[in-house]
Amino acid sequence: MNVAINMQADPKKNELQGKHVLVVGLGVSGVAVARFLCRQGALVSVSDNRPAKELAEVVSQLKLLPLSELETGGHTVSLFLQQDMIVASPGVPFSLEVLDQARARDIPVIGEIELASRFMKVPLIGLTGTNGKTTTVTLLGEIFNAAGRKAFVGGNIGTPAVDMLLPDAGWELGILELSSFQLEGMVDFRPRVAVILNVTPDHQDRYADEDAYLAAKMSIMKNQQRSDYLLLNIDDEQLEIQYRKLEKRWLNGEEISRPLPFSCRTTLNLGGNFLDQCISYHLPAVSADRQGEGGKVISAKITVPSLKVLGEHNRSNMLAAFMTGLIYGLDPESMIATMASFGGLAHRLEYVSRVAGIDYVNDSKATNIDAVAKAIVSFEQPVVLLLGGRDKGARFADLENILGGRVREIVPFGEAAELVVRQLPHFCARIKAVNLQEAVVAGTRLAHPGDVVLLSPGCASFDEFSNYKQRGNAFINMVHKLEGQD
């Protein structure tokens with residue numbers, strides 16, 4: 001299925017020359033944006049509400065740039081209202097009052113992805129979802145690179161999209177992981193292929209309700225046209241509903257992207273399946289001039305060898321990557337070979353070690369309830385679950401239906417421990433750990449040989465750690481110390 005690709009428009013090189021631009025939020029992407037804007041000749045200011053002491057390392061980097069103003073410790077309204085444009089980092093809520101005041105003065109407020117996309121001249125793949133984003137975009141990068149296509153992988157995965165614009169990089173396409181926060185800052189961003197993996201409750205501390213969160217995810221398609229594609233995982237109930245609505249709209253001739261479903265549970269007449277160790281697909285064969293499909297469909301069924309990664313959710317992620325590759329004309333057998341060798345990512349159902357007959361698995365990236373549920377059902381042996389951290393408004397009680405017969409015991413830990421006990425009293429009656437260290441000790445004591453001690457916390461890490469990676473690494477170190485005691 002080798003199709004012609006629409007290229008992104010090439011903006012005027014001096015579009016930002018001499019313009020006053022403010023970067024809000026000095027995380028990794030904020031610093032990268034400031035550097036990019038300075039290269040473009042913009043008059044750049046930066047603002048972060050954290051005190052200078054917390055930002056000492058970042059401030060030292062920024063002082064090497066020709067900034068107009070460097071503001072820390074809060075946001076000054078007058079600084080915001082002096083700008084021609086404001087670029088907000090992903091962690092900055094677009095609902096900030098000072099941003100509302102800027103918009104009221106008709107000052108554009110955009111995100112880093114939107115800014116970067118305006119300067120990209122290659123086709124883009126945009127991928128979002130509550131869980132599995134990083135795994136899937138990483139696999140996509142490996143699939144395209146194995147096919148000899150130089151693919152940039154960035155966005156929410158940790159590499160800012162503006163880094164794709166470094167001089168003489170030579171990228172052929174961009175694969176971008178997009179959080180709901182990043183999608184809030186989109187204006188004209190248009191991915192050639194958009195993928196939504198799943199939509200389950202998360203970030204309820206930022207969104208008014210689940211509908212608002214779903215709307216943020218679905219906005220990935222708002223600028224797509226009929227020549228573009230939207231891949232939807234219809235094993236997700238909400239996305240199945242969205243697919244049915246979009247399919248009717250597309251068939252009625254509306255100017256929206258072509259919705260294509262994929263599933264690991266249901267056989268589809270159109271789309272992709274991953275059932276019984278086989279991937280099958282039935283996709284429209286698009287003509288090279290992009291003018292029509294002619295009713296043709298390409299179909300095949302391919303046996304998939306044993307995979308290194310666990311769980312139905314990972315099969316779903318792989319299917320999404322596979323279908324995206326098909327749209328770009330990649331060889332199916334080559335993609336299957338790359339998928340079979342893919343070992344997954346750190347902190348995502350990462351096997352650590354077996355100590356005294358007990359397996360230890362690090363799933364620190366699981367920061368919401370849906371991710372925890374997917375982790376639990378990935379194991380056939382009994383699980384001792386380490387659940388806790390800083391609560392993000394999770395409904396731990398939603399796990400109750402899948403715990404029976406799978407989870408031997410829950411060890412609640414951290415700030416959320418009491419909340420876990422209240423919502424799941426029948427599974428965590430014996431212990432409550434103050435921190436992760438206590439949880440590992442307790443989990444080891446409760447587990448039997450043949451069990452899995454699973455760190456799948458369902459919470460943010462910030463009560464004890466800087467991020468989920470630090471938490472996962474701490475867990476790994478604790479397990480290795482147990483190996484020395486074995």
Output for region 49-114: trypsin sites (Lys or Arg not before Pro) sitting in coil per DSSP, at most 16 other Cβ within 10 Å, listed by number, reads Lys53, Lys63, Arg105
Cα-only Rg/Rh for region 143-224 with Kirkwood Rh rounds to 1.02
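Per DSSP helix of 4 or more residues, -39500 (n - 2.57); summed, then divided by the residues of the chain. What does that give at 222 nm, rounded to the nearest 500?
Counting only the DSSP helices, I get -9000 deg cm²/dmol.
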Amide H contacts under 5 Å for Ile234, restricted to residues at least 5 apart in sequence or on another chain and with H modeled in the peptide plane, are Phe262
Within region 28-44, the residues whose backbone N lies under 12 Å from a label point placed 7 Å from the Cα of Asp163 along the Cα-to-Cβ direction are 28-33
Expressed in angstrom and rounded, the centroid-to-centroid distance over alpha carbons for region 55-72 and region 112-189 is 26
Low-density loop trypsin sites (Lys or Arg not before Pro), region 151-257, at most 14 other Cβ within 10 Å, DSSP non-H/G/I/E/B, are Arg226
The size of the Cβ-based charge dipole (Lys, Arg +1; Asp, Glu -1) of region 350-485 about the Cα centre, to the nearest 20 debye, is 60
Dipole check, the chain, charges on Cβ (K,R +1; D,E -1), about Cα centroid: among Met318, Thr72, Gly132 the Cα furthest to the positive pole belongs to Met318
Rounded to the angstrom and largest first, Cα extents along the principal axes for region 20-107 equal 33, 28, 21
Residues whose built amide H sits under 5 Å from the amide H of Leu386, excluding neighbours closer than 5 in sequence, are Val411, Leu454, Leu455, Ser456
TM-like helix rule applied to the chain (DSSP H, alpha carbon span at least 27 Å on the long axis, mean Kyte-Doolittle at least -0.5) gives none
Surpassing 28 Å at the alpha-carbon level, of the pairs Lys19/Lys469; Lys365/Lys432; Lys245/Lys392; Lys248/Lys392, are Lys19/Lys469; Lys245/Lys392; Lys248/Lys392
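Quick one: in the chain, what % of C-alpha pairs are over 31 Å apart?
48
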Net charge (Lys, Arg +1; Asp, Glu -1) of residues whose beta-carbon lies under 13 Å from that of Val44, Val44 excluded, is +1
Expressed to one decimal in nm², the mean projection of the alpha carbon convex hull of region 114-341 is 12.4
For Ser353 and Ser68, extending 7 Å from Cα along the Cα-Cβ vector and measuring point to point gives, in nm, a value of 5.5
When the charge dipole of region 397-476 is computed with +1 at the Cβ of Lys and Arg and -1 at the Cβ of Asp and Glu, the Cα pointing farthest to the positive end, of Val434, Cys459, Leu446, is that of Leu446
Simple SL model, points at 7 angstrom along Cα→Cβ for Ala397 and Ser466; separation in nm is 3.8
So, with points 7 Å from each Cα along the Cβ direction, the Ser78-Asp209 label distance in nm works out to 4.3
Residue span Asn477 to Ser227: 0.36 nm per residue of separation minus Cα-Cα distance leaves a gain in nm of 85.1 nm
Relative contact order in percent for the chain (Cα pairs under 8 Å, 6+ apart) equals 11
Counting Lys and Arg as +1 and Asp and Glu as -1 over every other residue whose Cβ sits under 14 Å from the Cβ of Glu97, the net charge comes to +1
Whole-Hz Karplus couplings 3J(HN,Hα) for region 116-127, θ = phi - 60° and coefficients 6.51, -1.76, 1.60, Gly and Pro as x, run 4, 5, 5, 10, 8, 10, 10, x, 10, 10, x, 10
With +1 on the Cβ of every Lys and Arg and -1 on the Cβ of every Asp and Glu, the dipole magnitude of the chain about its Cα centre, in debye rounded to the nearest 20, is 620
Amide H neighbours of Leu173 at under 5 Å, excluding residues fewer than 5 places away on the same chain, with H built from the backbone geometry, are Phe152
The alpha-carbon center of region 414-482 and that of region 305-352 are separated, in whole Å, by 29
With +1 at each Lys and Arg Cβ and -1 at each Asp and Glu Cβ, the charge dipole magnitude of region 20-107 around its Cα centre, to the nearest 20 debye, comes out at 220
With N residues in region 350-485, Rg(alpha-carbon) / (2.2 N^0.38 Å) equals 0.92
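Here, each number is a calculation from the coordinates, and none is a lab measurement. This is a predicted model, so every value here is computed, not measured. Methodologically, a virtual Cβ is constructed for each residue, glycine included, from the backbone with ideal geometry; neighbour enumeration extends over all protein chains shown.
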